[in-house]
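The values are calculated or read from the model by the stated rules, or taken from the named source; none is laboratory data. Everything numeric in this text was worked out from a predicted model, so none of it was measured. In this analysis, Cβ positions are derived from the backbone assuming ideal geometry, glycine residues included, and neighbour counts consider all displayed protein chains. Note: areas computed on protein heavy atoms with side chains; ligands, DNA, RNA excluded. Shrake-Rupley method; radii C 1.70, N 1.55, O 1.52, S 1.80 Å.
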Amino acid sequence: MSAKILISGTIVWAHKEIEQLKQFGEVVQLTSTSRQQFYEELETKYSGIVAIYRHNDSASKIGFFDKELIDKLPSTVKFICHNGAGYDQIDVDAATARGIQVSHTPAAVDDATATTAMFLILSSLRQYWKAEVNARKGVFKQGLKPASDPEGKTIGIIGMGGIGGALAKRALGFDMKIKYHNRREIQPPPSFPCEYVSTLDELLATSDVISLNLPLNEKTANSFGREQFSKMKDGAVLINTARGGVVEQEAFIDALKSGKLSSAGLDVYPDEPNIDQRLIDMPNISLLPHMGTETRETQHKMEVLVIDNIKSAISSGKLLNQVHEQKK
């Protein structure tokens, strides 16, 4: 009997690859429009599912893959393959407790997210977004003041993973100096010039730009707050393309109002798709509506990587990109 695979979300780009997936099992599309309906159909339409392709857009129908939902899944489910580098919408502990392996798509998002971060760095330092608003309003340089060059500035990357490394390479193209802080120094060292800083305090005190490249979990939620802002350089810039929830919102707003931060660049927010009106009203920050992976090429790569994880799971019992919490 072939495996049954549930597609929980919309496939936009990888239609050829989905057809190929049918060689590995029966592919069933999520049609439930509510969590309760999903629970009921787990005993009928979705009975016997082994692997789940999950995209965040399924949350509007059945909600997050929290403990309640995961505990309702049939015992046949062995794999949840998530489309996204961040997987905070999945309760990994609950999945692990039930023997369900979880994967994500880290490498597929590196370039697109790093490009977004680099744009936010340039926009925040040079205040390009304000200049564009002026140009569109027909007031040219009215009210604009000289900004700052990226050249010679030090960027401190918190979390030098795939995205952090891709960002470092882009920043080097603008003659920026690279420092990074991880729990451990990367070995072997990266192939590009950079300095490992063993303490976060030192990184904060010596960087002109701080880029957050952290997953959102219990340890990182609101981990960047008043204490961290107080240790940054006066007039520094904060860039967040990770998750809005890693930053303490009130402390962040206070740092912007006080001038501790001269500017900031955000692609993520704690209550997406809502953006705090106080941020919208601030004239010195750049805001994007979570555009990190909004490219055809990247979204295709992400969909294909999820499908490849499912293929690997069914054929070998192993995921290609299992989340780090489950790695031994």
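What number of residues within region 234-261 are in contact (Cβ under 8 Å) with a residue 60 or more places away in the chain and hydroxyl-bearing (Ser, Thr, Tyr)?
Within region 234-261, the subset in contact (Cβ under 8 Å) with a residue 60 or more places away in the chain is 237, 239, 241-243, 245.
Retained after the next criterion (residues that are hydroxyl-bearing (Ser, Thr, Tyr)): 241.
Selection size over region 234-261: 1.
Annotation note: of Glu218, Glu151, the sole residue that is among the acidic types (Asp, Glu), open to solvent by 50 Å² or more (accessible area, probe 1.4 Å) and modelled with pLDDT of 95 or more is Glu151.
Considering Ser312, Ser286, Ser316, Ser262, which residue is small (Gly, Ala, Ser) and either within 15 Å of the chain's Cα centre (by Cα) or surrounded by fewer than 18 Cβ atoms within 10 Å (Cβ to Cβ) (or both)? Of the residues listed, the single one that is small (Gly, Ala, Ser) and either within 15 Å of the chain's Cα centre (by Cα) or surrounded by fewer than 18 Cβ atoms within 10 Å (Cβ to Cβ) (or both) is Ser316.
Yes/no matrix, rows are residues, columns are (1) open to solvent by less than 60 Å² (accessible area, probe 1.4 Å); (2) in a helix (DSSP H, G or I); (3) assigned by the TED database to the domain that holds Ala171:
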position: Tyr46; (1), (2), (3): yes, no, no
position: Ile80; (1), (2), (3): yes, no, no
position: Phe119; (1), (2), (3): no, yes, yes
position: Leu125; (1), (2), (3): yes, yes, yes
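Within region 27-74, the set of residues being under 26 Å from the mean Cα position of the chain (by Cα) and of a type in the set (Phe, Trp, Tyr) comprises Tyr53, Phe64, Phe65.
Scanning region 181-210 for residues that are in contact with a helix residue (DSSP H, G or I) (Cβ under 8 Å, 6 or more places away or on another chain) and over 17 Å from Pro106 (Cβ atoms) yields His181, Phe192, Pro193, Cys194, Val197, Leu200, Leu204, Val209, Ile210. When region 289-309 is examined, which residues are found to be part of a loop (DSSP other than H, G, I, E, B) and open to solvent by 30 Å² or more (accessible area, probe 1.4 Å)? Passing the criteria: Pro289, His290, Met291, Thr293, Glu294, Thr295.
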